[in-house]
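Have a look at the structure below, then the notes.
The values are calculated or read from the model by the stated rules, or taken from the named source; none is laboratory data. Because the structure is predicted, anything quoted here is derived from the model rather than measured. Every residue, glycine as well, gets a Cβ built from its backbone with ideal geometry; the counts of neighbours run over all protein chains shown.
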């Protein structure tokens, strides 16, 4: 499938900002599941962009506006082709404990995705859920898929009840949240079982198109999980929709949790407050480039 994606973020300051600095992680990843045919980032007021690759191989664009400005608008335009890929999870015939042992030789490379992180801690409550949902003698593939179904059936997708600072203990108590919360919850439970898991930020085609079902996801961005298989493959699972990552998912970045891959992160000087607005469109296309 080919998608045209337009992601616009606008900041309006309560008073002119003297200067601002922003990091952007909005460029889709280039890898064996998707091809980025076109990408451009537009900034108003005009500012030069510098680009680098971060620790997790995500593309980061940086911009600095070193003069007074009342607004800052950043628009990312991309044309991305997602490719079909085989289900590498269901074909595995091994238990959870066997998967833990088989991953042991790669523990140094996988260290970041085995340890607790800012938004995916290890707590007694999460450890109890791991023992329940991912028992050591249980089937690895069935248990991972069962965990996704558990989150999908037990928690209600409810925008506005949480934000990126809401701890998982509050999500567990409310039984409500959004895709970022469900991704963090699944990652934390998987890590409690001694298995590597990482956070994926990206976009999702939510609308029903030509016979496909409508999916649940944020209008600004989506989040899901990748779990590491002993075969050396990362497999994406979307607990918000209880499905494997597919052609309707477009990856932007990977990390330990949301803190590693926010779409925008920045600072500004001068104004006391800012108002943020975000608009994202993901539209399926036959291959035409997204208009500049």
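Things to note:
- Matching entry among 239, 230 (being touching a helix residue (DSSP H, G or I) at 6+ places or on another chain (Cβ under 6 Å) and modelled with pLDDT under 95): 230
- When the criteria are applied in full, residue 144 fails the requirement of being touching a residue at least 60 places away in the same chain (Cβ under 8 Å), on the phi < 0 side of the Ramachandran plot and out of contact with any strand residue (DSSP E or B) (no Cβ under 7 Å at 6 or more places or on another chain).
- Some residue of region 199-208 being in contact (Cβ under 8 Å) with a residue 24 or more places away in the chain, surrounded by fewer than 24 Cβ atoms within 10 Å (Cβ to Cβ), outside the structural domain of residue 140 (by TED's automatic domain parsing) and within 26 Å of residue 84 (Cβ to Cβ): no
- Region 15-54: number of residues that are within 16 Å of residue 261 (Cα to Cα) and over 18 Å from the mean Cα position of the chain (by Cα): 3
- Only one entry in 202, 194 is in contact with a helix residue (DSSP H, G or I) (Cβ under 9 Å, 6 or more places away or on another chain), within 24 Å of residue 234 (Cβ to Cβ) and modelled with pLDDT of 95 or more, namely 194.
- You will find that of 89, 134, 94, the residue that is touching a residue at least 60 places away in the same chain (Cβ under 8 Å) and surrounded by fewer than 19 Cβ atoms within 10 Å (Cβ to Cβ) is 94 and no other.
- Hits in region 74-107 (condition: within 30 Å of residue 39 (Cβ to Cβ) and out of contact with any strand residue (DSSP E or B) (no Cβ under 9 Å at 6 or more places or on another chain)): 84, 85, 86
- Looking across region 210-227 at every residue that is surrounded by 12 or more Cβ atoms within 10 Å (Cβ to Cβ) and modelled with pLDDT under 75, the one that is nearest to residue 147 (Cα to Cα) is identified as 217.
- Exactly one residue among 158, 115 is on the phi < 0 side of the Ramachandran plot, touching a helix residue (DSSP H, G or I) at 6+ places or on another chain (Cβ under 9 Å) and loosely packed, with under 13 Cβ neighbours inside 10 Å, and that residue is 115.
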